[in-house]
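Reading through the structure tokens given below for one structure.
Any read-out appearing in this document is the output of simple, stated calculations on the displayed coordinates, not a laboratory observation. Note that this is a predicted model, so its numbers are computed, not measured. Backbone-built Cβ (ideal geometry, glycine too); neighbour counts: all protein chains shown.
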Amino acid sequence: MTPATSVTKPKVLIIGSGGVGTISALSLTTNNKCEVTLVVRSDYELISTKGYSINSCTYGELTNWKPHNVAKSVTDAAERFGPFDYILVTTKNIPDASITCEQIIKPAVDSSPESVIILLQNGLGVEKPMYAAFPNHLVLSGISHIGSTYYHGHVDNKGPDNVFLGDFNPEGKRHPLSQSKIEEFISIYQNPDNKNKIVLDENVQKTRWEKLIYNSVFNTITALVNLDVTRLQINGVNEDLIRPAMLEVIAIAKSVGVECDASKVDKFIHIGDGLFYAPSMCIDMRKGQLMELEIILGNPMRIARENGVSTPILSVIYSLLKMVQFRIKEERGMFELNQEDFKGNSDDYARIFHDKYV
């Protein structure tokens, strides 16, 4: 009798153990069609010993939950559990931080030459730096529509786990393996009872812009005023602030040839009704952590300026949030101001800061 041939399950590394990354790990582990390794950096001791407590609208309540493997760093994951077939990046993308996403994932990519990189991240323009850093790898662009936040070992998941996945096409070049790799990842992520939803998205950049209709507005304003979405709306801002700001996002997208579905405005205004949900940027601000300001609002604003799109509301929000980000950076010791540098004309202060401190 010929012995049965064992089938090796794909190995998936998840970098980013916040609300999105943990639920992604939970989905993949529940499906049990792959081996899941989750990188947990700041709370490694807590998670490796006690696991997560999770309250999820999709997966219910769990205690002491862990994926197959937990690693304390990307290097640790690569050395103990690699090489990986898929590297799923759900960590915050903060290009103005001291270390970029490309630098963070490099140890795993270097040890996994055949790996597919999936960017399940917020914002706009996250793919190009990754593709430039790893031009020999297939880079997929993913958008997660989920309300999920992480607080010191606990994940509160209020929104369904919906993922849109597509090929990132630099200069219109489609990778020859993109279709098969997307289909394989969908097969290992999608739960058989349809608890979650993951789909192939042929126009994933449009989906990114449409998510920005929510994130560039609710994420930013809640972070600016330190209120969750419902408390924001109690103050009657839907028509005076939220709607016109969302229409500015749609106008910016149109300037680059992307026609967003205008019905998304009403959908996103009311998507969190009654949930008292604090978006990720608001949570980061409360924790004193750097926010994803540049990819969520900075990149769209640069496109608006280049294309002459009027953005009176978003421009003010961006200017104010840059100051909040500045305060967080100073509090975290990323720079220390020498007051003697700023004795002259205040019109020169921004240039002086950039020249001496950035």
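Put simply, region 146-253 fits an ellipsoid with semi-axes of 31, 21, 11 Å; these come from the alpha carbon gyration tensor as the roots of five times its eigenvalues, largest first. Two numbers describe the Cα atoms of region 295-358: Rg and Dmax, which are 14.2, 39 Å. For region 108-183, the calculated P(r), taken from all Cα-Cα distances in 10 Å bins from zero up to the bin holding the longest distance, is 16, 43, 28, 12, 0 percent.
With loop membership from DSSP and a limit of 10 other Cβ atoms within 10 Å, the longest segment of the chain without trypsin sites (Lys or Arg not before Pro) is 1-172.
For residue 329, the lysines whose Cα comes closer than 18 Å to its Cα, not counting residues fewer than 8 places off in the same chain, are 92, 287, 356.
List the residues of region 343-358 whose backbone N lies under 15 Å from a point placed 7 Å from the Cα of residue 103 along the Cα-to-Cβ direction. So the set is 358.
Within a straight-line Cα-Cα reach of under 15 Å, residue 267 can be paired with the following aspartates and glutamates, leaving aside sequence neighbours fewer than 8 residues apart in one chain: 210, 239. Of all DSSP-defined beta bridges confined to the chain, some 35% are antiparallel rather than parallel. Its Cα gyration tensor gives region 223-342 an equivalent ellipsoid; the semi-axes, largest first and in whole Å, are 27, 21, 11.
Once you sort the root eigenvalues of the Cα gyration tensor of the chain as a ≥ b ≥ c, which label holds: rounded (a/c under 1.5), prolate (a/b larger than b/c) or oblate (the other case)? In terms of gyration-tensor shape, prolate. For a straight C-alpha distance cut-off of 21 angstrom, the lysines reachable from residue 264 (same-chain residues fewer than eight places away being disregarded) are 158, 197, 206, 211, 254. Building the convex hull from the alpha-carbon atoms of region 11-202 and averaging its projection over directions returns 10.0 nm².
In square nanometres, what is one fourth of the surface area of the convex hull spanned by the alpha carbons of region 8-100? Mean projected area of the Cα convex hull: 6.4 nm². Only helices enter the 222 nm calculation for the chain: every DSSP H run of n ≥ 4 contributes -39,500 (n - 2.57), and dividing by all residues gives -12000 deg cm²/dmol, rounded to 500. Ordering 246, 56, 138 by Cα displacement along the dipole of the chain toward the positive end leaves 56 in first place; charges were set at the Cβ atoms of Lys, Arg (+1) and Asp, Glu (-1). Give the residue list of GluC sites (Glu not before Pro) in region 228-290 that are DSSP loop and have at most 15 other beta-carbon atoms within 10 angstrom. In loop regions of region 228-290 (DSSP not H, G, I, E or B), the sparsely surrounded GluC sites (Glu not before Pro) are 259.
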